[in-house]
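**Q** To start, I am sharing the structure in question, which I have written as structure tokens.
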Amino acid sequence: MTILTEALIVSATEQKTVTACIRAAKTVELPTLGDGWIFDFKRQSQLPLAQTYVLTTLENSTRIEGCLIFELKIGGGPWMSFVEVAPHNTGSSKQYEHVGTCLIMWACELSLQQGTNHNKGFLMFEVAHQPFVVHEKLTKLYRQKYGAIRYATTDKSTVFLMAQHQKKDMINHYLRPKNSENH
């Protein structure tokens, strides 16, 4: 298994920092709707430009704590297509905190590494319109916590843009590069 970066998450019960890793995912290990996830990562990972990543703890590399699908759209535009924390990391009984933040910071880092020309370092993503309360909660989270700006709104979704250079402190706080070290 090749770890691309280490990530710092927090045990929700013990309130202690736990070292996790972000690595490229194998299709066979990806969660689906039947596993209690909102997104079908196994199916979505088949998109032509999809790069799929999972976050696991170093102690248990087979239990997925969160997933990310990143795409580099034609023209070099970095796009965070799907991001989700595992069902056991949501709600009042969640096991780990900051899983989503680590994955989003990884997508920001990828936007700098892989984006081209004027797209380098800019990450776009879409929040599909859901019930008003859910949509507003997500919009507020992305704007306040991550500094995302509303780029476009349609009747079906809102597209956001984040500049990676504004996230450097967050990236450095949550991620520790591993430079393809094998574990």
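The values are calculated or read from the model by the stated rules, or taken from the named source; none is laboratory data. Keep in mind it's a predicted model, so treat the numbers as computed, not measured. Cβ placement follows ideal geometry from the backbone for every residue including glycine, while neighbour counts extend to all protein chains displayed. Surface accessibility is based on the protein's heavy atoms, side chains included, excluding ligands, DNA and RNA. Shrake-Rupley method; radii C 1.70, N 1.55, O 1.52, S 1.80 Å.
**Q** Restricting to the range 129-180, name every residue that is within 18 Å of the chain's Cα centre (by Cα), farther than 23 Å from Ile3 by Cβ, β-branched (Val, Ile, Thr) and open to solvent by less than 80 Å² (accessible area, probe 1.4 Å).
**A** Thr139, Thr158, Val159
**Q** Among (1) within 14 Å of the chain's Cα centre (by Cα); (2) modelled with pLDDT under 95, which single condition is Asn119 missing?
**A** All conditions are met except number (1).
**Q** Can you tell me how many residues in the range 104-114 are in contact with a Leu (Cβ under 8 Å, 6 or more places away or on another chain) and either without any contact (Cβ under 8 Å) to a residue 40 or more places away in the chain or more than 23 Å from Glu84 (Cβ to Cβ) (or both)?
**A** 1
**Q** Determine which member of the set Ile9, Ile38, Ile74 is touching an Asp or Glu at 6+ places or on another chain (Cβ under 8 Å) and at pLDDT below 95.
**A** Criteria check complete, one pass: Ile38.
Yes or no, residue by residue, for (1) open to solvent by 30 Å² or more (accessible area, probe 1.4 Å); (2) under 16 Å from His88 (Cβ atoms); (3) assigned to a helix (DSSP H, G or I):
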position	(1), (2), (3)
Glu14	yes, yes, no
Thr19	yes, no, no
Trp37	no, yes, no
Arg43	yes, no, yes
Tyr53	no, no, no
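**Q** Among the numbered conditions (1) under 19 Å from Val54 (Cα atoms); (2) in contact with a Leu (Cβ under 7 Å, 6 or more places away or on another chain), tell me where Ile149 comes up short.
**A** (1)
**Q** If we keep just the residues of the range 21-35 that are free of Cβ contacts under 8 Å to residues at least 24 places away in the same chain and hydrophobic (A, V, I, L, M, F, W, C), which is surrounded by the fewest Cβ atoms within 10 Å (Cβ to Cβ)?
**A** Per the stated criteria, the residue is Val28.
**Q** Any residue in the range 117-131 that's within 13 Å of Asp155 (Cβ to Cβ): show its pairings with residues that are in a helix (DSSP H, G or I) and not aromatic (Phe, Trp, Tyr) at Cβ separation under 6 Å, as long as the two are six or more apart or on different chains.
**A** His129/His135
**Q** Follow-up question, since we're still on this one. I'd like to verify a number: residues in the range 58-70 that are of a type outside the set (Lys, Arg) and surrounded by fewer than 20 Cβ atoms within 10 Å (Cβ to Cβ), how many?
**A** Residues flagged as of a type outside the set (Lys, Arg) and surrounded by fewer than 20 Cβ atoms within 10 Å (Cβ to Cβ) within the range 58-70 amount to 5.
**Q** Here's a follow-up. Given (1) within 19 Å of Lys16 (Cα to Cα); (2) surrounded by fewer than 15 Cβ atoms within 10 Å (Cβ to Cβ), where does Thr101 come up short, assuming only one miss?
**A** (2)
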